[in-house]
Structures are given as structure tokens and as C-alpha cells.
Amino acid sequence: MTAYAELQVTTNFSFLQGASHGEELVTTAAELGHTAIAVTDRNTLAGVVRAHVASKEVGLRFVVGVRLDPQDSLSMLDLPRNRQASGRLSQLLTLGKRRAPKGDCHLTLDDMLGEENEAGEGQIWIALPPEGEFPGADFRERLHDIEEQAAGPVYLGASHLYRGDDGQRLKNLADLAIACRTPLVATNDVYAHAAYRRPLQDVLTCIREHCTIDEAGYRLFANAERHLKPPDEMANLFADYPEAVARTTEIA
């Protein structure tokens, strides 16, 4: 079996985003044969506690993480490498939440990577490309800025989105990763432990967007593929980029 760790996982602690509990995600990842799993909820560490407990019960390596959405840069996964880095990440989230209305988090790239701040020390960063379009010159410039400022390693996340243009999209990201010296790493951008949670995912989206299913349109995911997949299936999806799959276990 291919060695693979899922590093981009959204749980129900990302309010009205994730459609599965952390325990379900961890248990399923273990059953599928994943090497490890990271929980990366949006601007919160709330989902890691129950998932961490579940990982101990099933004997699966667990990676603490978070997805940060700064107001002036790319969304990034932040994976702290040690206890001290985890503390700095918690302080960073507190800073962002104190600035924002309840439920939001306002951060800038300087908060995360600025020389005068220690928040970026001991962190692994995975920059995330936009879903709706091919990354352009602006994305490349922002990715380069992150690579230049970050104290720790920076990777470029890539997901097979089943949009019909995935081959060209992955090639563009691979070329961009080489140009910006940010190694490509595979993720499935998981929002549920299994495909059958798609209807619940759609309902959550409609509640969040204040619309009905009939009105939701492109606000819904295009398919039910944002679930945990077996390592061999991920290897097939990234058959042209096996190093992107291998890096998931290296990071874990």
C-alpha cells in the first residue's frame, strides 16, 4: 500500500463547514491505512482535542494543525513542529480573534511571518491555491513572498478537484512549485469522512449562505469527492507527481 497522510482536514468544529466529527475522520483514516492525519480547521484549534483522543485509541499518528485565512495573502495550513510552536500558534489565533467580531479571525501575513513576530517560528506552512481559477501572476507573487519571509519550510498544496481540467491544473501547480522553490504536496481538502455525508454538507452550506438547496448553485461543492480516500487512490490521482504523495508522510 502507498504511504500517505491526509494533511488538510476540516471537521465540524469549522462551524457550518465540516460534515464529520473528528473521531469519525480519525477512525476512517486508520481503517483506510493512512500513515497519519492532520486536523486543520479554519482559524481554530478546537477540533484537535477529540480527534487527538481518537487517534490514541486507534493507534494513528496525529498532526495538530490549523487553516489560516489572512486578509492580505494566501490561505495556508499551519502545522506546528513542537510544543513551543503550538503555543505561538495559539497566541496568533488569539490575536486574530480579538480583532474581529465573534466567529471571525483577522490576521495579516506580517502577523504570521513578520520578522518582529515570533509566530512563524517552528511552523510548517502549506500554501493553498484558489479553487475557482488557475493560479496567476498574483498568486505566484504572493507564494514567493511567503517563501522569502517564512522561517520554516513552505510547501504548495494541490488537490485533484474532479473539475475536468485537473491534469492541466496540477501541471501548472507543479511548475509553479519549482519556480517558487515550494515543493508540491498532495491533499484531498477533506470535509467529511465518507461520501455519503454529501447531503449534510450541502445543508450546512445552505445554512451558512442563507439560501435554499435550489438557490445554492455554485456555492455547493461540485461533487462528493471531499472525503477521505485510500492511499492507493490518492497515488493514482497524483500518478504524475508521486513525490507530492511521498511528502505527506515526510511532513507528518
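Before moving on, here are some points about what is shown:
- When Arg99 is tested against (1) touching an Asp or Glu at 6+ places or on another chain (Cβ under 8 Å); (2) more than 28 Å from Lys171 (Cβ to Cβ), only condition (1) is not met.
- Restricting attention to the range 4-28, the residues being of a type in the set (A, V, I, L, M, F, W, C) and farther than 22 Å from Leu128 by Cα number 1.
- Residue in the range 153-175 that is farther than 18 Å from Ala239 by Cα and of a type outside the set (A, V, I, L, M, F, W, C) present: yes
- Test: residue in the range 206-221 that is of a type in the set (Lys, Arg), in contact with a helix residue (DSSP H, G or I) (Cβ under 9 Å, 6 or more places away or on another chain), in contact (Cβ under 8 Å) with a residue 60 or more places away in the chain and part of a helix (DSSP H, G or I): yes
- Residue match in the range 150-169 (condition: surrounded by 15 or more Cβ atoms within 10 Å (Cβ to Cβ), in contact with a Leu (Cβ under 6 Å, 6 or more places away or on another chain), in a helix (DSSP H, G or I) and not β-branched (Val, Ile, Thr)): no
- Filter result (surrounded by fewer than 18 Cβ atoms within 10 Å (Cβ to Cβ), under 28 Å from Leu173 (Cβ atoms) and of a type in the set (Ser, Thr, Tyr)) within the range 201-243: Tyr218
- Of the strands (runs of 3 or more DSSP E) lying entirely inside the range 29-106, not one carries at least 3 residues that are surrounded by fewer than 21 Cβ atoms within 10 Å (Cβ to Cβ).
- Hits in the range 222-242 - residues which are out of contact with any strand residue (DSSP E or B) (no Cβ under 7 Å at 6 or more places or on another chain) and touching a residue at least 60 places away in the same chain (Cβ under 8 Å): Ala222, Asn223, Glu225, Lys229, Pro230, Pro231, Asp232, Ala235, Leu237, Asp240
- Residue within the range 122-131 that is of a type in the set (Asp, Glu) and either touching a helix residue (DSSP H, G or I) at 6+ places or on another chain (Cβ under 7 Å) or open to solvent by less than 40 Å² (accessible area, probe 1.4 Å) (or both) present: no
- Of everything in the range 19-64 that is among the small types (Gly, Ala, Ser) and out of contact with any helix residue (DSSP H, G or I) (no Cβ under 8 Å at 6 or more places or on another chain), the residue that is farthest from Ser86 (Cα to Cα) is Ala29.
- Exactly one residue among Ala192, Ala186 is small (Gly, Ala, Ser), modelled with pLDDT of 95 or more, surrounded by 12 or more Cβ atoms within 10 Å (Cβ to Cβ) and within 12 Å of Leu156 (Cα to Cα), and that residue is Ala186.
- Residue within the range 5-20 that is under 24 Å from Arg219 (Cβ atoms), open to solvent by 10 Å² or more (accessible area, probe 1.4 Å) and not in a loop (DSSP other than H, G, I, E, B) present: no
- Residue satisfying all of: in the range 109-136; modelled with pLDDT of 90 or more and touching a Phe, Trp or Tyr at 6+ places or on another chain (Cβ under 9 Å); nearest to Arg83 (Cα to Cα) among these: Ile124
- Scanning the range 222-244 for residues that are modelled with pLDDT of 95 or more and either among the polar types (S, T, N, Q) or in a helix (DSSP H, G or I) (or both) returns Pro231, Asp232, Glu233, Met234, Ala235, Asn236, Leu237, Pro242, Glu243, Ala244.
- With respect to the stated conditions, Ile178 fails to be of a type in the set (A, V, I, L, M) and part of a strand (DSSP E or B).
- Selection of first residues in the range 5-25 that are under 21 Å from Trp125 (Cα atoms) and of second residues that are open to solvent by 50 Å² or more (accessible area, probe 1.4 Å), restricted to Cβ pairs under 6 Å at least 6 apart or on distinct chains, gives the following pairs, ordered by first then second residue: Ala5/Thr35; Ser14/Arg42.
The values are calculated or read from the model by the stated rules, or taken from the named source; none is laboratory data. The structure presented is a predicted model; accordingly, all values stated were derived computationally and were not measured. Here the Cβ is made from the backbone with ideal geometry for all residues, glycine too, and neighbour counts use every protein chain on show. For accessibility, only protein heavy atoms count, side chains too; no ligands or nucleic acids. Shrake-Rupley method; radii C 1.70, N 1.55, O 1.52, S 1.80 Å.
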